[in-house]
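Q: Let me give you the structure first, and then I'll get to my questions.
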Amino acid sequence: MKVTQGEQEQSQLVLSIEVEPPELEEHLNRVYQRAVQRVNIPGFRRGKAPRSVVERELGRDAMVEDALETLLPQLTSKAIEEQGLDAVTAPQVKVTQYEPLTIEAIVAVRPIVELGDYHQYRLEAESIDVTEEAIDEVVESLRRDAATWDPVERPVAMGDMITMQVKGQVEEDVIIEDESVDYILSAESINPMPGFADQLVGANRDELREFSLPFPEDYPQTNLAGKDCNFTLKVQEVKEQTLPELDNEFVKSLKIEVETPAALREKLKEDMLKHNQTIADQHYQELAVQALVEEANVELPPLMVDHEVEHILSEQAEAMQRQQVRMEDYLSTVGKSIEQLQEEVRPAAVERITSSLVMSALREKEGIEVTPEEIEEELTAMADASQSEGASLRQLLDTENGRTSINSILLNRKTLGLLTSIAKGELIAEASTTAESTTEVEEEQGETEEGAKDA
């Protein structure tokens with residue numbers, strides 16, 4: 001194998017790989033060994049025909065193409081290793097000529113990341129608080145969850161639950177038809193379409209109502225967008241919501257280790273503060289990473305971006321498939337081509353890659369590592385937190401892949417911790433405190449030495 005390396009541009013370079021005849025013959029022999037077992041050649045028992053006959057039967061070009069399936073990845077990997085290249089994604093490979101067999105591989109190498117002066121970056125922490133109004137909303141939500149629905153003999157009001165017989169028709173097509181369905185009236189509801197709940201207010205039990213409502217122009221089902229739907233419905237039953245009293249009995253029924261309304265509010269405030277602090281911490285980390293990325297300088301290999309674009313689209317396709325939607329059907333619905341979708345996700349791909357490379361560069365520069373002891377501690381903590389499934393979870397994670405995953409989690413956690421400490425000025429403060437303590441000790445030692453001289 002002869003390898004020629006081209007000039008590097010945009011963190012990519014081209015390798016020209018000329019395959020030596022013995023290397024090609026080795027792979028052609030493997031193709032022959034497979035082919036001779038499956039082709040029927042007159043005059044020969046299966047598996048007994050010589051290679052020259054099999055090659056004449058199949059054609060040398062076809063056998064070479066078959067050999068390339070294993071030859072290309074093997075020789076490309078070998079060439080990348082021999083050239084000492086730090087490839088960051090699968091290379092783009094093609095055959096440029098067959099005599100002699102020559103391969104061209106575009107290789108994306110790890111780009112150089114120039115970090116800015118991140119030690120000077122400062123970010124003000126967000127203040128966290130919980131208002132009484134926010135606590136009131138949670139208390140009322142708990143009451144609504146425990147509420148009962150009681151039948152009433154009066155016209156329908158907003159907030160009621162009704163049982164109704166309903167039929168909805170667009171032109172000649174019946175799109176809704178239920179004999180007895182429950183429906184809660186809400187002014188903000190768009191189910192089955194905006195304004196539906198308003199048409200029910202004031203209706204009496206057993207009253208028949210007919211009305212028409214238009215589907216919005218941007219309705220997801222394009223075959224219905226902008227069309228009128230004619231409804232016919234009859235209210236069969238009306239129920240109103242009865243909230244429980246906010247007393248000790250209700251609080252105890254929640255089973256959250258408090259017994260009075262006042263204690264409930266304190267508990268809710270404590271939990272909400274923790275929740276808000278978690279969200280604020282995550283936002284702070286995102287801003288710190290964003291600042292680090294903005295100050296960094298990195299030239300991304302186009303091939304690496306292309307691969308990340310395909311990875312994102314693959315994730316989207318899998319998510320759609322779980323909802324029983326095919327990517328082809330989605331593109332047809334929104335009127336886009338796959339090329340347009342690729343360009344839409346390209347900025348997200350660039351952001352992902354850049355952030356990953358910059359954080360990796362920060363870890364390397366700061367010497368951030370994870371010890372086997374730390375991985376064991378995290379594994380134990382995760383298993384303990386799982387309680388009833390702790391043993392099975394530990395068995396699942398206590399593998400090479402599991403420990404590699406935990407290692408990545410801890411590396412990311414440590415890196416984010418360092419970055420946020422820098423942004424808060426905590427590392428500088430610790431260094432200053434250490435320096436001041438050292439100075440005080442030196443001054444005390446100096447005073448002692450002067451005293452000894454005077455004596």
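The values are calculated or read from the model by the stated rules, or taken from the named source; none is laboratory data. Note that the coordinates shown come from a computational prediction; the quantities given were computed from them, not determined experimentally. Using ideal geometry, Cβ is built from the backbone for each residue, glycine included, and neighbour counts are taken over all protein chains shown.
Q: If I ask for residues that are exposed (fewer than 11 other Cβ atoms within 10 Å of the Cβ) and part of a loop (DSSP other than H, G, I, E, B), which ones from region 390-403 would you list?
A: Thr399
Q: Still on this structure: Test of understanding: among Gln74, Gln37, which residue is over 38 Å from the mean Cα position of the chain (by Cα) and modelled with pLDDT under 90?
A: Gln37
Q: Would you mind telling me which numbered condition in (1) out of contact with any strand residue (DSSP E or B) (no Cβ under 6 Å at 6 or more places or on another chain); (2) outside any helix (DSSP H, G or I); (3) surrounded by 13 or more Cβ atoms within 10 Å (Cβ to Cβ) Val107 fails?
A: The one condition Val107 does not meet is (1).
Q: Would you check which residues across region 66-85 are among the acidic types (Asp, Glu) and in contact with a helix residue (DSSP H, G or I) (Cβ under 8 Å, 6 or more places away or on another chain) and list them?
A: The answer is Asp66, and nothing else.
Q: Looking at (1) closer than 17 Å to Thr131 by Cβ; (2) touching a Gly at 6+ places or on another chain (Cβ under 8 Å), which is the only condition Glu240 fails?
A: (1)
Q: Any residue at all in region 190-197 that's of a type in the set (Val, Ile, Thr) and touching a residue at least 12 places away in the same chain (Cβ under 8 Å)?
A: The answer is no, given that none of the residues of region 190-197 is of a type in the set (Val, Ile, Thr) and touching a residue at least 12 places away in the same chain (Cβ under 8 Å).
Q: Only residues that are surrounded by fewer than 15 Cβ atoms within 10 Å (Cβ to Cβ) and closer than 16 Å to Glu295 by Cβ: list them for region 337-355, please.
A: The one that is surrounded by fewer than 15 Cβ atoms within 10 Å (Cβ to Cβ) and closer than 16 Å to Glu295 by Cβ: Glu351.
Q: Then there is this: If I filter region 84-97 down to residues being within 15 Å of Glu18 (Cα to Cα) and surrounded by 14 or more Cβ atoms within 10 Å (Cβ to Cβ), which single residue comes out as nearest to the chain's Cα centre (by Cα)?
A: Start the filter on region 84-97 by keeping residues that are within 15 Å of Glu18 (Cα to Cα), which leaves 93-97.
Subsequent filtering for residues that are surrounded by 14 or more Cβ atoms within 10 Å (Cβ to Cβ) retains 93, 95.
On the way: Val93: 29, Val95: 36 Å.
That would be Val93.
Conditions (1) surrounded by fewer than 13 Cβ atoms within 10 Å (Cβ to Cβ); (2) of a type in the set (A, V, I, L, M, F, W, C); (3) within 24 Å of Pro111 (Cα to Cα), marked per residue:
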site	(1), (2), (3)
Thr260	yes, no, no
Arg265	no, no, no
Ala280	no, yes, no
Gln285	no, no, no
Ala288	no, yes, yes
Met304	no, yes, yes
Glu318	yes, no, no
Gln321	yes, no, no
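Q: Considering each residue of region 110-139, count those that are free of Cβ contacts under 8 Å to residues at least 60 places away in the same chain and either part of a helix (DSSP H, G or I) or within 27 Å of Asp86 (Cβ to Cβ) (or both), and give that number.
A: Of the residues in region 110-139, 5 are free of Cβ contacts under 8 Å to residues at least 60 places away in the same chain and either part of a helix (DSSP H, G or I) or within 27 Å of Asp86 (Cβ to Cβ) (or both).
Q: May I pose another question? Can you find, within region 316-353, the residue that is nearest to Pro220 (Cα to Cα) among those that are touching a residue at least 24 places away in the same chain (Cβ under 8 Å) and among the basic types (Lys, Arg)?
A: For region 316-353, the residue satisfying everything is Arg346.
Q: A further question on this structure: Considering only residues that are free of Cβ contacts under 8 Å to residues at least 40 places away in the same chain and buried (at least 17 other Cβ atoms within 10 Å of the Cβ), look in region 404-417 and name the one that is nearest to Arg363 (Cα to Cα). Talk me through it step by step, then tell me what you get.
A: First pass over region 404-417, keeping only residues free of Cβ contacts under 8 Å to residues at least 40 places away in the same chain: 404-409, 413, 417.
Restricting the remaining residues to those that are buried (at least 17 other Cβ atoms within 10 Å of the Cβ) gives 406-407.
On the way: Ile406: 16, Asn407: 13 Å.
Across region 404-417, the extreme among qualifying residues is Asn407.
Q: Here's another thing I want to ask about it. Could you please let me know if Arg154 is more than 34 Å from the chain's Cα centre (by Cα), within 30 Å of Lys274 (Cβ to Cβ) and of a type in the set (D, E, K, R)?
A: Numbers: more than 34 Å from the chain's Cα centre (by Cα): yes; within 30 Å of Lys274 (Cβ to Cβ): no; of a type in the set (D, E, K, R): yes.
The answer is no for Arg154.
Q: Hey, can you tell me all the residues within region 273-300 that are of a type in the set (A, V, I, L, M, F, W, C) and either in contact (Cβ under 8 Å) with a residue 60 or more places away in the chain or not in a helix (DSSP H, G or I) (or both)?
A: Within region 273-300, Leu273, Ala280, Leu287, Ala288, Val289, Ala291, Leu292, Val293, Ala296, Val298, Leu300 qualify.
Q: Additional query: Ala361: modelled with pLDDT under 90 and in a helix (DSSP H, G or I), yes or no?
A: Considered against the rule, which asks whether it is modelled with pLDDT under 90 and in a helix (DSSP H, G or I), Ala361 comes out as no.
Q: Inspect all residues belonging to region 310-328 and state whether any of them is assigned to a loop (DSSP other than H, G, I, E, B), within 20 Å of Glu140 (Cα to Cα) and not basic (Lys, Arg). Talk me through it step by step, then tell me what you get.
A: Our first condition is that a residue be assigned to a loop (DSSP other than H, G, I, E, B); within region 310-328, this holds for 323-326.
The next check asks that each one be within 20 Å of Glu140 (Cα to Cα); those that pass are none.
No, there is no match, as no residue in region 310-328 is assigned to a loop (DSSP other than H, G, I, E, B), within 20 Å of Glu140 (Cα to Cα) and not basic (Lys, Arg).
Q: On to the next question. Would you point out which residue out of Glu249, Glu270, Glu245, Glu257 is free of Cβ contacts under 8 Å to residues at least 12 places away in the same chain, under 21 Å from Gly159 (Cα atoms) and of a type in the set (Asp, Glu)? Steps first, please.
A: Working: Glu249 fails: under 21 Å from Gly159 (Cα atoms); Glu270 fails: under 21 Å from Gly159 (Cα atoms); Glu257 fails: under 21 Å from Gly159 (Cα atoms).
It is Glu245.
Results for (1) more than 30 Å from Glu132 (Cα to Cα); (2) at pLDDT 95 or above; (3) under 37 Å from the mean Cα position of the chain (by Cα); (4) among the hydroxyl-bearing types (Ser, Thr, Tyr), shown as yes or no for each residue.
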| position | (1), (2), (3), (4) |
| --- | --- |
| Thr222 | yes, no, yes, yes |
| Cys229 | yes, no, no, no |
| Leu254 | no, no, yes, no |
| Glu259 | no, no, no, no |
| Ala263 | no, yes, no, no |
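Q: How many residues, within region 179-221, are surrounded by 14 or more Cβ atoms within 10 Å (Cβ to Cβ) and assigned to a strand (DSSP E or B)?
A: Residues that pass the stated criteria total 7.
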